[in-house]
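Structure record follows, encoded as structure tokens.
The values are calculated or read from the model by the stated rules, or taken from the named source; none is laboratory data. These numbers come from a predicted model, not from an experiment. We place every Cβ from the backbone using ideal geometry, glycine too, and count neighbours over all the protein chains shown. The protein model used for the area step is the full one, side chains on, heavy atoms only, and it has no ligands, DNA or RNA in it. Shrake-Rupley method; radii C 1.70, N 1.55, O 1.52, S 1.80 Å.
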Amino acid sequence: ASFLCRSRRFPSTKAESMDGVRERTGLRKVESRASITEADDLDLSRLLERPRLKLERKRSFDERSLSDHAAAGSLQPVDSYESMLSLGAMRSVLDTPTSSAHNSFEPHPMVAEAWDALRRSIVLFRGHPVGTIAAYDHASEEVLNYDQVFVRDFVPSALAFLMNGEPDIVKNFLLKTLQLQGWEKKIDRFKLGEGVMPASFKVSHDPIRKTDNLTADFGESAIGRVAPVDSGFWWIILLRAYTKSTGDSALAESPECQRGMRLILALCLSEGFDTFPTLLCADACSMIDRRMGIYGYPIEIQALFFMALRCALSMLKQDAEGKEFIARIVKRLHALSYHIRSYFWIDFQQLNDIYRYKTEEYSHTAVNKFNVIPDSIPDWIFDFMPARGGYFIGNVSPARMDFRWFALGNCVAILSSLATPEQSVAIMDLLEERWDQLVGEMPLKIAYPALESHEWQIVTGCDPKNTRWSYHNGGTWPVLLWLFTAACIKTGRPQIARRAIDLAENRLSKDGWPEYYDGKLGRYIGKQARKFQTWSIAGYLVAKMMLEDPSHLGMISLEEDKAMKPPIKRSASWTI
């Protein structure tokens, strides 16, 4: 309680202190606006007229453990667990380190600049804010699709606005993308699934007719024509963040949002030929939206899938349709958590075990369950793997293990509690042990190591943008700072986040908020990086605000569910 009294949000949302903060930082006052009210929005406007609800501390909406659903008849009873954060006006910080004198810092001059840049990126649709464009780079001659609102790109912007007490733009975004989900989606003559969320949308203004129009991209305009698997997951995660931040459950409980969640889940939980609980994906289906050899079961998608399932579990209503999906989610979560914690995890001991695998084994007693050939283990990992630390590798499928490190998947694994507490600690240990390789001079490497020479030619198709140590191929992405900071706070290591933020503050503003950096240490501005990249700006702001007030972590963090924590004992087949 004493910490919560000391903590401050920037800028303060209290009326009595706002003017003073604006005068000191130069921030503009932004009026709260009503949300989308156009007549052709499938009657979604009525949702905005509903009063916000003050939720009582009854765990009615907060993370409902699997045992709650067992009591409702979905499962056999299991142990319950305490929720991480309250939905009341005062958020608790259980399992979160309290603030210290070191973290109670005055706003850095970059903060005001970042807020100003973030507000310049806001997109209006018929007079109401509905998102932020990908980049606000006037120096670039080619706009390409950087003037669009991307679902994944808007997430850090949304969190920044929520943490700053400005939820209207987030609510508008959620409703607008929900409306776009209902559009017919076709690529050539093939119709996409009803639940697919857009990768992005663009607002076009007709100055003659004085009207605004929306154009959505579901992958038909993307490089490689790949639908965004992650968009639906980010939408569900953001819906929960909005509810946690505002205490307004009316939006999530509305028939429209309930249906939207069910459509997304129906795509992911459908039965097929899969023998694994992980989600089979094409290359370029996520933040890494170019060919980078992540086809199969990429850790980024699996971690987001797991987190979205847990978020949906807390928001689905216990009606007839909801109960059916709840039961399916519970079963999938158990299988998914066991599979990833067991087979995607690598540390020194596990690497040594794989190195000693026999091949061509048959039957359920096989040690080498995926028939991975030990000679396929890349040389770099033997020097990279420290004695202390571990991580979730990039991909696991028959005869294939992608041992690359992917930052987003591992950070989301920590935040969603896909990683056990022990695994979360090991991931942070790895980051500290291999700071130069994974953080360097600018946080944070999206993937490590880079593909080079013949491997680069084969895996990327000679992609000129994904050359070694650039873009998605070992490039450094400042937006990942917010995920890294959240993971640091959750694991009790805010000092590591402070160190990373200090690195970003040395150059990020001076360099014009670039999209990414190149080089082994992230020393050079990316060769094709856009300046004033919105999620670089928003990622910095979210990291700063979370470090100053760790209670914000509750928006995007889930406590471990004890029902999914049976001791992970590898079968005898895992011992050599």
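Residues in segment 131-160 that are outside any loop (DSSP other than H, G, I, E, B) and within 19 Å of S231 (Cβ to Cβ): 14 in all.
Assessment of segment 484-491 against the conditions (within 23 Å of P421 (Cα to Cα) and among the aromatic types (F, W, Y)) yields at least one matching residue.
Scanning segment 266-281 for any residue that is of a type in the set (F, W, Y), open to solvent by 10 Å² or more (accessible area, probe 1.4 Å) and in contact (Cβ under 8 Å) with a residue 40 or more places away in the chain turns up at least one such residue. For P464, the stated conditions do not hold, so it cannot be described as of a type outside the set (D, E, K, R), farther than 19 Å from W115 by Cα, open to solvent by 10 Å² or more (accessible area, probe 1.4 Å) and under 20 Å from the mean Cα position of the chain (by Cα).
Might you let me know whether segment 336-351 holds any residue that is among the charged types (D, E, K, R), under 24 Å from W235 (Cβ atoms) and modelled with pLDDT of 95 or more? Scanning segment 336-351 turns up no residue that is among the charged types (D, E, K, R), under 24 Å from W235 (Cβ atoms) and modelled with pLDDT of 95 or more.
One line per residue, one yes/no per condition, for (1) in contact with a Cys (Cβ under 7 Å, 6 or more places away or on another chain); (2) within 26 Å of S254 (Cβ to Cβ):
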site	(1), (2)
M197	no, yes
F201	no, yes
K210	no, no
R225	no, no
I236	yes, yes
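Total residues in segment 318-337 satisfying the condition of being open to solvent by 60 Å² or more (accessible area, probe 1.4 Å) and of a type in the set (A, V, I, L, M): the figure is 1. Among the residues of segment 347-361, just one is open to solvent by less than 100 Å² (accessible area, probe 1.4 Å), outside any helix (DSSP H, G or I) and farther than 17 Å from P398 by Cα, namely D347.
For segment 362-407, filtered to residues that are part of a loop (DSSP other than H, G, I, E, B) and among the small types (G, A, S), the residue that is surrounded by the most Cβ atoms within 10 Å (Cβ to Cβ) is G394.
Does A538 qualify as being part of a helix (DSSP H, G or I), touching a Cys at 6+ places or on another chain (Cβ under 7 Å) and touching a residue at least 24 places away in the same chain (Cβ under 8 Å)? For A538, the condition - part of a helix (DSSP H, G or I), touching a Cys at 6+ places or on another chain (Cβ under 7 Å) and touching a residue at least 24 places away in the same chain (Cβ under 8 Å) - is not met.
Determine whether segment 514-526 contains at least one residue that is of a type in the set (V, I, T) and touching a residue at least 24 places away in the same chain (Cβ under 8 Å). So far as segment 514-526 goes, no, none of its residues is of a type in the set (V, I, T) and touching a residue at least 24 places away in the same chain (Cβ under 8 Å). Within segment 348-364, identify whether any single residue is under 26 Å from the mean Cα position of the chain (by Cα) and among the charged types (D, E, K, R), and answer yes or no. No. Taking the condition under 18 Å from P298 (Cβ atoms) and within 15 Å of the chain's Cα centre (by Cα), does L451 pass? No; evaluated as a whole, the condition is false for this residue.
Residue count for segment 468-513 satisfying the condition of being hydroxyl-bearing (S, T, Y) and free of Cβ contacts under 8 Å to residues at least 40 places away in the same chain: 0.
When the residues of segment 207-235 are narrowed to those that are under 18 Å from D188 (Cβ atoms) and in contact (Cβ under 8 Å) with a residue 40 or more places away in the chain, which ends up most open to solvent (accessible area, probe 1.4 Å)? Among those that are under 18 Å from D188 (Cβ atoms) and in contact (Cβ under 8 Å) with a residue 40 or more places away in the chain, it is I223. Residues in segment 425-446 that are in a helix (DSSP H, G or I) and open to solvent by 10 Å² or more (accessible area, probe 1.4 Å): V425, A426, D429, E432, E433, W435, D436, Q437.
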